[in-house]
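No value in this document is a laboratory result; all are computed from the given coordinates. All values reported here derive from a predicted model rather than from experimental measurement. Virtual Cβ from ideal backbone geometry, glycine too; neighbours counted across all protein chains shown.
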Amino acid sequence: AGAAAEARFISSAKGKGLFATKNIRKGETVFVERPVVSSQFLWNALYNYRACDHCLRALETAEENAQRLLGKSSLVLPHPEQCSIRKDLHQQCPRCQVTYCSAECRQAALEQYHQVLCLGPSRDDPAHPLNKLQEAWRPDHSYGSCLCLPPAFHSPASPDLLSSLSESHRNMHYPPETSSIMLMARMVATIKQAKDKEWWVKAFSQFCSKTANEEEEIVHKLLGDKFKGQLELLRLLFTEALYDEYLSRWFTPEGFRSLFALVGTNGQGIGTSSLSQWVHACDALDLPMLQREELDAFIDQLYKDIEKESGEFLNCEGSGLYVLQSCCNHSCIPNAETSFPENNFLLHLTALEDIEAGEEICISYLDCCQRERSRHSRNKILRENYLFTCSCPKCLAQADDADVTSDEEEEGEGETDDAELEDEMTDV
Ligand SMILES: [Zn+2]
Ligand SMILES: [Zn+2]
Ligand SMILES: [Zn+2]
């Protein structure tokens with residue numbers, strides 16, 4: 001069977017969109033897509049969410065995963081045979097010791113970008129240009145900039161502190177990282193290593209680009225008020241670590257800003273979890289009724305306990321660039337959704353409704369709580385984060401609604417935008 005969807009140009013205002021090429025039934029997988037490049041978020045790796053350095057597959061067993069999120073090393077999970085993690089297949093780079101889920105991932109990384117990015121014995125050397133780049137990215141992007149957090153939280157050595165923060169506090173301040181400097185580093189390294197450099201430049205140029213003004217807005221949004229100085233610092237460190245004659249354009253102030261904006265607008269959040277895979281496998285077990293009830297009750301309680309300890313930070317998280325998915329426009333009443341059911345970077349686009357051949361396929365950039373809010377509130381989030389105003393059927397139907405939000409809605413806005421965005425992007 002051919003692909004069930006294709007990208008088409010709609011208009012210069014709307015850009016591209018994704019359209020069904022045949023009738024798709026509700027619940028069907030429209031396509032499965034591999035990213036051209038992806039990377040785990042730095043804060044996520046720093047706080048011991050262990051993932052394959054290439055495909056982001058979670059590396060802990062479901063039981064280890066649950067133990068860490070609960071802060072309880074004595075926890076025992078029933079049905080251990082339903083855990084999909086195969087530690088016997090894990091491999092490390094012999095030079096820098098980063099871990100992969102398999103020999104295939106180690107090889108794929110090495111062939112695409114890891115020769116350029118392997119730190120070798122300099123892995124912990126703070127003077128190495130790549131370490132300096134990551135360090136410059138981190139302070140303002142994970143824990144360092146927030147003065148109201150306890151000082152110990154600024155040290156990655158104490159992930160337990162996460163759980164001592166109230167949920168609302170965590171939502172506000174942790175973690176704002178929604179894209180990664182290492183995604184950009186992998187793009188450069190990919191082209192540096194490639195035999196056919198032009199092919200890769202073309203592949204990356206398919207992602208939507210913005211006007212200079214829009215790029216400025218996106219960078220401001222991602223880096224905060226001191227963005228101009230911050231962007232210039234990152235550019236200098238990026239250049240020191242990765243400069244390449246062939247890509248000299250990407251290292252100029254304008255080129256770097258464009259690259260930054262490209263990753264900021266097209267980066268799709270990826271979330272993986274051994275525990276959630278184990279739960280799905282358990283759900284599919286054919287059990288006698290009593291055992292079924294017992295197992296369901298155990299899992300419900302487990303998630304309640306984990307939420308108390310770790311809040312919403314359950315997954316290995318990162319972001320990636322997907323050629324087809326990035327063409328998928330937003331609707332407040334989407335007919336498709338993305339997920340990562342294979343516990344790695346393979347994105348599944350699944351139909352939420354029957355979709356007819358020729359119909360546009362839309363996902364929602366808002367999470368389900370945000371989608372319930374007024375047209376005004378939804379569009380405020382969409383404009384701030386994605387620079388567009390929605391004209392989906394729901395927004396058109398509500399066009400005559402008063403242009404005000406309730407006090408309650410107004411209060412939450414602004415403070416939680418990053419957390420909401422993060423949340424939306426990483427639903428597993
Ligand atoms: Zn892998
Ligand atoms: Zn290495
Ligand atoms: Zn809408």
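Odds and ends about this structure:
- The range 207-252: radius of gyration and largest Cα-Cα distance (Dmax), Å: 11.9, 32
- Prolate/oblate/rounded call for the range 1-84, Cα gyration tensor, a/c under 1.5 rounded: prolate
- Binned Cα-Cα distances of the range 191-333, short to long, each 5 Å bin given as a whole percent: 2, 7, 12, 13, 14, 12, 10, 8, 8, 6, 5, 3, 1, 0
- Cα gyration tensor category, rounded, prolate or oblate, for the range 173-265 with a/c compared to 1.5: prolate
- Ranked list, fewest to most other Cβ atoms within 10 Å of each Cβ, for PHE19, PHE340, PHE298: PHE298, PHE19, PHE340
- Ranked by how many other Cβ atoms sit within 10 Å of their own Cβ, fewest first, the residues MET184, MET289 fall in the order MET289, MET184.
- The range 262-354: translational diffusion in µm²/s, Stokes-Einstein, Kirkwood Rh over Cα pairs, 10 °C, 1.306 mPa s: 101
- Against the empirical 2.2 N^0.38 Å (N residues), the range 58-107 has a Cα radius of gyration ratio of 1.34.
- The ranking of CYS368, CYS96, CYS282 from fewest to most other beta carbons within 10 Å of each one's beta carbon is CYS368, CYS96, CYS282.
- Pairwise label distance in nanometres, PHE388 with LEU285, each label 7 Å out on the Cα-Cβ vector: 4.4
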